[in-house]
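Here the structure is laid out as structure tokens; the discussion comes afterwards.
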Amino acid sequence: MAREPLAEKQARARAIIDRLDAAMPEAEIELDYETPLELVVAVLLSAQTTDKRVNLVTPALFRDFRSAADYARATPAEVERYIKTVGLFRNKARALVKLGQVLLERHGGEVPVSRAALAELPGVGNKTAGVVTMHLGGEPAFPVDTHILRLSKRLGLSSRSDPDDVEVDLRRLLPEARWFKGHQLLIWHGRRVCDARAPECHRCIVAELCPRRGVSDRQVRRPAG
Ligand code: SF4
């Protein structure tokens, strides 16, 4: 397939986001939180787990763990009791206790807003740091989760596999002012239409802008002959 010139790809990326925005103007983060600490904890818990499941456990967790100090003085086993229906709960409980300790030791118990400082917190990678900083109004970012990774490939917006590389590609394609909403819209489209196993191309509003419309990943991978 001929390589798509950058200007054309940028125009197509903007058109995709415009269409998704028109269809889902309400797209926003689906994790429940009220404070910066609750946001970091919820995003950390959401790794390899649905937001719905996280939202089921956080009311009790946030009721009993209100500050970094609450996490810092808990044992992992105490935190586990609240989050045991969440994937990887043992690792996440350990990370939350350490997170509380590091927030107390290095940040006076507050959540930093810069992506670099967030990414150094226990259990917080570059993607989580990007999600948190952009929601706290820290830095513009286009963090790439599993849905955005899949959609970027299917939509031909990035052929790379590392989420950090894909973020670089997306940031080149869209103006900074569209990153925040673009991030939300691609996630919503991935959850509602462009499913990992069964994309519903017949009802996809960006189908005519998508080189993979109607072609499942399995068909794409199958060798010729
Ligand atoms: S056309 Fe199909 S593969 Fe392309 S974005 Fe829509 S649902 Fe996904």
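Below are the figures for this structure:
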{"quantity": "Residue of THR58, THR133, THR50 that the Gaussian network model of the chain assigns the largest fluctuation, springs spanning Cα pairs under 10 Å", "calculated": "THR50"}
{"quantity": "FRET efficiency estimate (nearest 0.05) - Cβ-Cβ, ALA117 to LYS52, R0 22 angstrom", "calculated": "0.15"}
{"quantity": "Radius 14 Å from Cβ of GLN48, net charge of other residues (Lys, Arg +1; Asp, Glu -1)", "calculated": "+3"}
{"quantity": "Residue among GLY182, GLY130, GLY138 with the largest mean-square fluctuation in a Gaussian network model of the chain, springs linking Cα atoms under 10 Å", "calculated": "GLY138"}
{"quantity": "Inter-site label distance for ALA69 and GLU110 at 7 Å from Cα along Cβ, in nm", "calculated": "1.7"}
{"quantity": "Inter-site label distance for LYS84 and ARG203 at 7 Å from Cα along Cβ, in nm", "calculated": "3.8"}
{"quantity": "Sparse-neighbour loop sites [trypsin sites (Lys or Arg not before Pro); the stretch 120-218; at most 16 other C-beta within 10 Å; DSSP]", "calculated": "ARG160, ARG197, ARG213"}
{"quantity": "Residue-count net charge about VAL193 - beta-carbon cut-off 9 Å; Lys, Arg +1, Asp, Glu -1", "calculated": "+1"}
{"quantity": "Fewest-first sequence of ILE205, ILE17 by Cβ atoms within 10 Å of each Cβ", "calculated": "ILE205, ILE17"}
{"quantity": "More than 32 Å apart - percent of Cα-Cα pairs taken over the chain", "calculated": "25"}
{"quantity": "Prolate/oblate/rounded call for the stretch 36-135, Cα gyration tensor, a/c under 1.5 rounded", "calculated": "oblate"}
{"quantity": "Loop-located GluC sites (Glu not before Pro) in the stretch 75-127 whose Cβ has at most 13 other Cβ within 10 Å (DSSP)", "calculated": "GLU110, GLU120"}
{"quantity": "Selected from ASP32, ASP145, ASP162 as most flexible by GNM, with the chain as the system and alpha-carbon contacts under 10 Å", "calculated": "ASP162"}
{"quantity": "The chain: calculated mean residue ellipticity at 222 nm from DSSP helix runs of at least 4, using -39500 (n - 2.57)", "calculated": "-17000 deg cm²/dmol"}
{"quantity": "GluC sites (Glu not before Pro) restricted to DSSP loop in the stretch 159-204 with at most 11 other C-beta within 10 Å", "calculated": "GLU200"}
{"quantity": "Under 20 Å, Cα to Cα: Lys pairs in the chain, sequence gap 8 or more or different chains", "calculated": "12"}
{"quantity": "The chain: relative contact order in percent, alpha carbon pairs under 8 Å with at least 6 residues between", "calculated": "19"}
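Bear in mind these aren't lab numbers, they're just calculated from the coordinates by the rules spelled out. Everything quoted here is computed from the prediction, not taken from an experiment. Quick reminder, even Gly has a Cβ in these numbers, built from the backbone with ideal geometry, and neighbours come from all protein chains shown.
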